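Notes follow the structure.
Every number in this text was worked out from the coordinates using simple rules, so none of it is lab data. As the structure is a computational prediction, the values presented were derived from the model and not from experiment. As a convention, Cβ positions derive from the backbone with ideal geometry for all residues, glycine included, and neighbour counts pool all protein chains shown.
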Amino acid sequence: MFAAPDLSPTGKLIYVYVTYIAYSLISTIVNIPYHSLTPVLSQDPDQRTVIATTKQLLGQFGNAFVTIGAIPLVTMLGGGARAWQIYGIASGIIIVIAFYFCAWGAKNHDVSNVVTKESTSENKPKLTFKKQMALILKNRALLMLMIAFGTDMIAFAAANATNIYYFTYAVKRPDLIAVIGLFGLAIGVPITFTIPALSKRFGKKRLFTLASMTLIGISSWLFFIPFENSTLILVQAAVLAAVSPFTGVIGWAMLADCVEYGEWVTGVRGEGTVSSQLTFVNKLGMALGGIFAGMMLSAVGYVAGGEQSASVLRAIVGIKALLPAAGYVCSVIAMFFYPITKEFYYQMIEDNRNNHLQQKITIEDMQTSRN
């Protein structure tokens, strides 16, 4: 993906499409079992939040390393296409090693979901397409989380896609983009450390809802800040960076609980199936947010590189501020119908354990009859 072969312009375009789509596909195949490990590693809801928080926190460091360190490393390698190719190879090796250690660390917990060690392959439940669809469509917790997380991602992606236009044409301070990017790291990382404790105190559903409601106000606030007031714009960005991590981290922690709900409703435990839906919604939300922002800019008469009219500037800030706010409103509504509370979670666990015990007795009776 980081190579630049000597091809015609059309050939290069085809090469870019093929390599990028292939990378995205393989990345998804890796990410689905990666996120599926959270419900496998623990059934304790608070510990699951710690796991999800740790994943997101270290992900921020990885993202910052690439964002801040890529250009200096390529420059150190001499710059140009060859340097980028070396950088791509080195990144690929590091990624493979990191995922290997992840799989190695989880291997003692990541075992087949069978009732007894003596169960043979013929006793293992077959997760057919019909059962997978039932696991998704009957899982109200998952469906509500998909809506909440999806609209949250649309809001986040729309705001990010509009950043460069807002700061270049409206505020006329493109240099602030890098400053706000550092805000996300400097403020977001310490805040992320507080999420497990706050989740334990308030519960995941309530914390997600409160964070989304707060983000509605913070996002809308930007619409009323004058373009020339860069100080207040930075303050708004700092507050936004402090609250944004909550919905992202808690969403992945809630996903693990949706696995238990799916088993409680259907009797089928499908970590991969459930996790794949939030991975899909995450990618879809990011894509739709960027698409909506681009379509709206085009509709209001945005001209690339030119002087923008007052109506276009207000549209830009509207997309950056009000479109995300609308996404967070949808998240709050979806959370209202999300059924899993801390008390209900423990009842589900107990019911699922009783079902496992009954299945174990049934299988042992079948084996005894055969003997």
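Worth a mention:
- Residue exposure sequence - Val16, Val268, Val171 - by fewest surrounding Cβ within 10 Å: Val16, Val268, Val171
- Applied to the range 187-203, the Karplus parametrisation 6.51 cos²θ - 1.76 cosθ + 1.60 on θ = phi - 60° returns per-residue 3J(HN,Hα) values of 9, x, 5, x, 4, 4, 4, 7, 4, x, 5, 5, 5, 5, 7, 9, x Hz, with x for Gly and Pro.
- Above-threshold pairs, the threshold being 19 Å between Cα atoms, out of Lys107/Lys131; Lys204/Lys342; Lys283/Lys342; Lys205/Lys342; Lys200/Lys342: Lys107/Lys131; Lys283/Lys342
- Our coupling estimate for the range 344-351, obtained by passing each phi through the Karplus curve with A = 6.51, B = -1.76, C = 1.60 and θ = phi - 60°, is 5, 4, 5, 5, 4, 4, 5, 5 Hz, Gly and Pro reported as x.
- Against the chain, whose longest principal axis comes from its Cα atoms, helix 45-76 is set at around 40 degrees.
- Per-residue ellipticity at 222 nm from helix content only, as computed over the chain with -39500 (n - 2.57) for each DSSP H run of at least four residues, stands at -28500 deg cm²/dmol.
- For the range 268-275, Karplus couplings with θ = phi - 60° (6.51, -1.76, 1.60), whole Hz, Gly/Pro x: 10, 9, x, 4, x, 4, 5, 5
- Amide H partners (placed H, <5 Å) of Leu77, local residues excluded: none
- Inter-site label distance for Val235 and Arg206 at 7 Å from Cα along Cβ, in nm: 3.0
- Helix 230-266 and the long axis of the chain differ in direction by around 20°, with both axes built from C-alpha atoms.
- Normalised contact order of the range 190-342, rounded percent, pairs of Cα under 8 Å and 6 or more residues apart: 39
- For the chain, the relative contact order works out to 30 percent when only alpha carbon pairs closer than 8 Å and six or more residues apart are counted.
- Helix 9-41 vs. the chain, principal-axis angle (Cα, 0 to 90°, nearest 10): 40
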